[in-house]
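Written below as structure tokens is the structure these notes are about.
Quick note: the coordinates plus some simple rules give every number you see, no bench work behind them. Bear in mind the structure is a predicted one, so any value in this text is a computation, not a measurement. Cβ placement follows ideal geometry from the backbone for every residue including glycine, while neighbour counts extend to all protein chains displayed.
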Amino acid sequence: MKPLTKKFEEKSKETLLNSQIQKNLSGLYEGFHSARIQASSDTADWEELQSKGREIKEEVINNLDKYLELLESKILSSGGAVHFAETAEDA
């Protein structure tokens, strides 16, 4: 099966030029931004939580191999299958 990357690129460019889509995305962003501001003002330890989130993200990225192996073992123990590939072509 050949990937549809080129078709995806064309369709995504076409879709993003659609004024209704732009309006919807703008509204989505504004809603998300407003909700985030509200959540931060409603949460006493917001900055501490943000900092902890950054630490977790950094730890996972720096140890991604360990977490992928853990995920693989959980999937395999549940009867699933996991395939690793070196390159996109191999996948």
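How large is the dipole of the chain about the Cα centre if only Lys and Arg carry +1 and Asp and Glu carry -1, each at its Cβ, rounded to the nearest 20 debye?
The dipole of the chain has a size of about 540 debye.
Taking θ as phi - 60°, what are the ³J(HN,Hα) couplings along the stretch 83-88 by the Karplus curve (6.51, -1.76, 1.60), each to the nearest whole Hz, with x for Gly and Pro?
Calculated HN-Hα couplings, in order: 10, 9, 9, 6, 10, 4 Hz.
Identify all lysines with a Cα-Cα distance to Lys74 below 24 Å; exclude those on the same chain that are fewer than 8 residues away in sequence.
Correct list for Lys74: Lys57, Lys66.
Please report the base-10 log of the normalised intensity I(q)/I(0) for the chain, using a Debye sum with one equal scatterer per alpha carbon and no solvent, at each q in 0.13, 0.17, 0.19, 0.20 (1/Å).
Result of the Debye calculation: -0.96, -1.02, -0.97, -0.96.
Under a GNM of the chain (C-alpha, springs under 10 Å), which listed residue has the highest mean-square fluctuation: Ser12, Ser40, Ser51?
Greatest mean-square fluctuation among the candidates belongs to Ser12.
Just how large is the dipole of the stretch 1-42 about the Cα centre, in debye to the nearest 20, putting +1 at every Lys and Arg Cβ and -1 at every Asp and Glu Cβ?
The calculated dipole for the stretch 1-42 is roughly 300 debye.
Would you mind ranking His33, His83 by Cβ crowding within 10 Å, fewest neighbours first?
The order, fewest Cβ neighbours first, is His83, His33.
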